[in-house]
Amino acid sequence: MSGGEGISMRRVLIILVLSAIALVPVLPTSAAEIQPQMAGWERNFTVTWEPGTYRGKPVVEGYVNNVSPYSTRSIRLLVDSLDAAGNVTNQRVEWLAGDLLGGGRLFFQVPAAPAPSYRVRVFSYDRIEVDGPMR
């Protein structure tokens with residue numbers, strides 16, 4: 001076998017391997033659905049929201065209400081875009097601006113994927129710990 005035949009055989013082998021790879025069906029994979037990191041967040045917060053638009057783009061806007069006596073910060077919301085059957089089609093985690101005192105509420109507006117409906121949950125938060133007596 002001469003050097004030219006070796007190169008030609010390698011090319012044929014590469015073409016066969018690439019053709020075989022191209023014939024393998026690509027199966028769609030879906031990422032795992034994100035869930036709130038804070039189990040029981042519903043004991044401390046309620047969330048009210050409605051779909052809207054901001055500068056021509058879809059948003060979800062509303063209020064997070066802190067129904068606990070504890071102040072919180074670093075709140076992140078989980079916004080699920082849902083199809084007509086209630087299946088999650090898109091998810092977004094967004095920071096809520098500001099601290100949320102016990103008994104208080106904060107407005108939010110989160111960009112969202114277009115969808116027939118949405119679900120908003122508290123994804124995570126930090127409780128503000130105060131040293132010493134409270135006044």
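Bear in mind these aren't lab numbers, they're just calculated from the coordinates by the rules spelled out. No experiment lies behind these values; they were computed from the predicted model shown. Heads up, the Cβs are rebuilt from the backbone with ideal geometry, glycines too, and the neighbour counts pull from every protein chain shown.
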Which of the residues belonging to segment 41-62 are under 24 Å from Ser124 (Cβ atoms) and among the polar types (S, T, N, Q)? Asn44, Thr46, Thr48
Regarding Ala84, is this residue farther than 23 Å from Arg127 by Cβ and among the aliphatic types (A, V, I, L, M)? yes
Only one of (1) in contact (Cβ under 8 Å) with a residue 24 or more places away in the chain; (2) not small (Gly, Ala, Ser); (3) not in a loop (DSSP other than H, G, I, E, B) does not apply to Thr48, and that is (1)
Within segment 108-135, the count of residues that are out of contact with any Phe, Trp or Tyr (no Cβ under 6 Å at 6 or more places or on another chain), part of a strand (DSSP E or B) and not charged (D, E, K, R) comes to 9
Give just the number: which of (1) surrounded by 15 or more Cβ atoms within 10 Å (Cβ to Cβ); (2) closer than 19 Å to Tyr125 by Cα; (3) not basic (Lys, Arg) does Gly103 not satisfy? (1)
Residue count for segment 114-131, restricted to those that are closer than 16 Å to Glu50 by Cα and surrounded by 14 or more Cβ atoms within 10 Å (Cβ to Cβ): 6
